[in-house]
Amino acid sequence: MALGNFTALQFKTCDFFGTCLHPSNFVPFQSRRFSMKPLVVKARANTRTESAKIRNRRIRKKFNGSPTRPRLSVFCSDKQLYAMLVDDQNKKCLFYGTTLQRSIREDPPCSTIEAAERVGYELVNACIDLNINEISSYDRNGFARGERMEAFESAISRHGFLPR
C-alpha cells in the first residue's frame, strides 16, 4: 500500500446542510430552516454564601459531636447570634442560647455585642453543669468573625472551651 495514493473526498455544502447555496436561490439566513446560533459557555464561580455552605457540609462530615464532646454550632445573622451544643450521635441539642432571649437581653438592658458575650457565659455554665470539659469542633457555619462572634469567642476562650 503506497502512502501517497489518497483520493480526496469532495463534499458540497448542500451535502451537510441540506440546501445548496447558489446566487440564484440566495435567501437571508434568518428565514431558513437551519439557523446557526453561537455557542456561549458561561463559567460561574460559587457565591460567598454557597461556598460557605459547601465548607460547612465538609466540616460536618469530619467532626461529629458526642455527649461528652459536643459540637458547638454558631450562626450569626445580620443582627443576632445563635449558639448550640449538638450531640450528633444521639441527635440532640444540649444547649441553645441566643441574643434574643429575655433572660440574657434584659438583665440589665444591653447591646447585641454584650448579649453575645452573655450567651458565651451561659454556654460555659451549661457545659459545667453537663460535665463537658471540651468541645469536639467549633462550627461557625462558614461565617466570618464579626464583633458579635468575637465577643462570644472571648467569653468561651477564657474558660478554655475553644479547640485550637
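The values are calculated or read from the model by the stated rules, or taken from the named source; none is laboratory data. Quick caveat, the model's predicted, so the values are computed rather than measured. Because the Cβ atoms are built from the backbone with ideal geometry, glycine has one as well, and the counts that use them run over all protein chains shown. Just so you know, the surface numbers come from the protein's heavy atoms only, side chains and all, with ligands and any DNA or RNA stripped out. Shrake-Rupley method; radii C 1.70, N 1.55, O 1.52, S 1.80 Å.
Here are the numbers for this structure:
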item	result
Cut-off 17 Å (backbone N to label point 7 Å along Cα→Cβ of ASP88), residues of region 132-160	134-143
Residue-level accessible surface for TYR121, protein heavy atoms, 1.4 Å, Å²	80 Å²
Using a Förster distance of 22 Å, the FRET efficiency for GLU114-LEU162 (Cβ separation, nearest 0.05)	0.65
Simple spin-label estimate for LYS53 and PHE75 in nanometres, 7 Å along Cα-Cβ	1.3 nm
Pairwise label distance in nanometres, ASN131 with ARG44, each label 7 Å out on the Cα-Cβ vector	5.2 nm
Other-chain or far-sequence residues with amide H under 5 Å of PHE95's (modelled H)	LEU85
